[in-house]
Amino acid sequence: MIARLQADLNASRKAQDKPGTLLLGTILADVKNRRIELQRDPSDDEVREVLRKGIKRRREAIEMYDKGGRDDLASRERAEVTRLETYLPAAIDDDEIRVAVRAAIVAGANNIGALMGAVMPKFKGRAEGGTINRIAREELQK
């Protein structure tokens, strides 16, 4: 995964794609910081987690830019999110999460904390916590 990011960064530099170079350079810096934290090379899953955190930060920025009326900055962040998502595996659809949530409710999880504790490990790294939380709350209200 790191090699793919580095190769894409080099290709972006050769193509003189400044936004792409900045984005990939920032992500690789985050990966290097993670390497320092772990005191070893991060696994592909750990690199994907760095990517997810980068996407989450950008989505939060999009929300703030939208509130502030800065559509130009929000659209740039959206483009970065789209580009980073290409490095992640395909997202799980809501129906699959809903099935797991219903199974956890049947198994006895009757509050949001227990439900999230039962469902999150099944989708770790493949679905966002916010999506799982939203579906869990919908199912609990039924």
Rounded tilt (10° steps) of 94-106 against the dominant C-alpha axis of the chain: 40 degrees
Relative contact order for segment 94-141, counting Cα pairs under 8 Å that sit 6 or more residues apart, in percent: 51 percent
What fraction, in whole percent, of alpha-carbon pairs in the chain exceed 20 Å separation? 58 percent
Using a simple charge model, +1 on the beta-carbon of Lys and Arg, -1 on the beta-carbon of Asp and Glu, nothing else, what dipole does the chain show about its Cα centre, in debye to the nearest 20? 280 debye
Degrees between helix 44-68 axis and first principal axis of the chain (Cα, 0 to 90, nearest 10): 90 degrees
Rounded to whole Å and ordered largest first, report the semi-axes of the equivalent ellipsoid of segment 62-113 derived from its Cα gyration tensor (root of 5λ). 34, 17, 7
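Coordinate-derived values only; no laboratory data. Given the structure is predicted, the values throughout are model-derived calculations rather than measurements. Note that we place each Cβ from the backbone using ideal geometry, even for glycine, and neighbour counts take in every protein chain shown.
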